[in-house]
């Protein structure tokens, strides 16, 4: 038992005041509150991943267009555009943030 903290020790990773406290950390303004807190802490990685996913979905949409599957093409193209827009939004948030100390 030596070296292990007692069960009632404070934990910095514990959610403060339930789900609302967890969702409110880190503090962020306006529409940025819609972003999952874990994603917000790693915005650059998730932005790049969304952009890559948008290109993959767009490619799938173009392939579906070549086979005249218009319903699937529309689905994948809309999905690709939404992913590209979300990734662009994430990257602009990262770029507009003040430099870290």
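Coordinate-derived values only; no laboratory data. In this text the structure is predicted, and so the values were computed from the model without any measurement. Here Cβ is always computed from backbone atoms with ideal geometry, including for glycine, and neighbour counts include all displayed protein chains.
Is it fair to say residue 81 is out of contact with any strand residue (DSSP E or B) (no Cβ under 9 Å at 6 or more places or on another chain), assigned to a helix (DSSP H, G or I) and closer than 14 Å to residue 40 by Cβ? No, not satisfied. The set of residues from the stretch 68-83 being surrounded by fewer than 14 Cβ atoms within 10 Å (Cβ to Cβ) and farther than 17 Å from residue 53 by Cβ comprises 68, 70, 71, 74.
Between 48, 56, the distinction of being part of a helix (DSSP H, G or I) and closer than 27 Å to residue 28 by Cβ belongs to 48 only.
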